[in-house]
Amino acid sequence: MIPVLTGIIGGMVCGTISGLTPGIHANMIAAFLLGFSPIILPYLGPEGMAAILIATLITHSFLEIIPATFLGVPDDGTALSVLPAHSLTMDGKGEEAVRISALGCLWGVIFAIPLALGALWFIPLLQTPIDILTGSLLILIMGIVIVRSESTGWLCALFLVSGLLGMFAFRFDYLSWNTLGAGNILMPLLTGLFGLPFLLTASEGRIPRQHYSGMEISTHTIIRSTLPGTFAGLVVGWLPGLSTASANTLVSGFIPYDEGRRNYLTAMGASTLANAIIGIAVFIAIGRMRNGVMTAFSGFDTPPVLFLLTIAAIVALGAYGITLGCAGLAQSLSGLNSSHLNTGVAVSLIIICGILTGLFGLIILILATAIGMIPELLVISRVPCMGVVTIPVILYSFGIRVI
């Protein structure tokens, strides 16, 4: 019992750090922990090790909305949330935005856990035809995203160029460093595509005075908004090659993120956590690793699925409390010089990428940032930037090896 509690607490600490730090992903923390597993595993055992990994993933998924809300700095999973969340911050309602997202996350866990248990039965039955159709399904989903936009040509070009960069980066990944077992070429790719462009183009000024006077959304609306979010998270969490950003794109088909800001944030939170929960079921059912945390599970004996989902539920409650606590500090950000803050975060991200991935990682970071600047300059969606992962997966599903 003590090793499990230690793992939960340790994972929540790791998830809090990664969730609040722009550019640091739960996958990177998981890789770091796996690198030190020969030291950690004898003390925590498989159950404690599983607890620390699950707690890191769930806590990170709750807290990653905070940098997107107050700093306008997302990772790939919160890219589309920047517009509604950060705009609420500019209205002085950043705390409300975080609280709404946290509620969506919590309801996403409540809905996703029983669905994940059911998925243990039907995923093995349907996986073979899904594998055959994966490439076609990915093309269909991204095609719908691109065609629905007002800048179809630019988004198509952005999707293809991002895919070319992904193929190049994954093909020569061996040229990057692997500092302390934590280096991963995805870090400079995602930081360049989804992080630095926001920092480099963010408007100067000070964060408006923040105040919280309750949530302007009813409980009924919150629950109703979590349903499409949970569905999108489950679908994307099952299909390879798509990310939380893709789930949020599907959500935007039901709830426009530039109109129903609060509804969209609720649905986005649900999709993020549903994605994480279904990833556990997919790993247990067919051994597929949908994120870095599940990859780390392959390094030791995996505990039963009920144990993993129970840990996820317990951690979700704790992470919800931590998120609300962080949201309550919003007033302390009032009047903060955002330009100085953005510069500091940007420099930190570049240094971290250099330390963890070396010269090749910095080259990838530069190329990814150049591509990531296109949506900022043209004011178009950056979702097609996920072609960096999706296109290599599509080609692989068609038997074309590019990695």
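The values are calculated or read from the model by the stated rules, or taken from the named source; none is laboratory data. These figures come from a predicted structure and were not determined experimentally. Using ideal geometry, Cβ is built from the backbone for each residue, glycine included, and neighbour counts are taken over all protein chains shown.
To keep it simple, each residue is scored yes or no on (1) basic (K, R); (2) modelled with pLDDT of 85 or more; (3) surrounded by fewer than 18 Cβ atoms within 10 Å (Cβ to Cβ); (4) not in a helix (DSSP H, G or I).
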{"site": "T310", "(1), (2), (3), (4)": "no, yes, yes, no"}
{"site": "A316", "(1), (2), (3), (4)": "no, yes, no, no"}
{"site": "C326", "(1), (2), (3), (4)": "no, yes, no, no"}
{"site": "G344", "(1), (2), (3), (4)": "no, no, yes, no"}
{"site": "V347", "(1), (2), (3), (4)": "no, yes, yes, no"}
{"site": "C353", "(1), (2), (3), (4)": "no, no, no, no"}
{"site": "L356", "(1), (2), (3), (4)": "no, no, no, no"}
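Against the test of being modelled with pLDDT under 75 and within 30 Å of T369 (Cα to Cα), the options V161, V145, V98 yield a single qualifying residue, V145. Restricted to segment 1-84, the set of helices (runs of 4 or more DSSP H) holding at least 1 residues that are modelled with pLDDT of 85 or more, more than 17 Å from M187 (Cα to Cα) and over 20 Å from the mean Cα position of the chain (by Cα) comprises 2-20, 37-63. Looking at segment 374-386, can you tell me whether even one residue there is assigned to a helix (DSSP H, G or I) and either among the small types (G, A, S) or in contact with a strand residue (DSSP E or B) (Cβ under 7 Å, 6 or more places away or on another chain) (or both)? Looking for residues that are assigned to a helix (DSSP H, G or I) and either among the small types (G, A, S) or in contact with a strand residue (DSSP E or B) (Cβ under 7 Å, 6 or more places away or on another chain) (or both), one finds none in segment 374-386, hence no.
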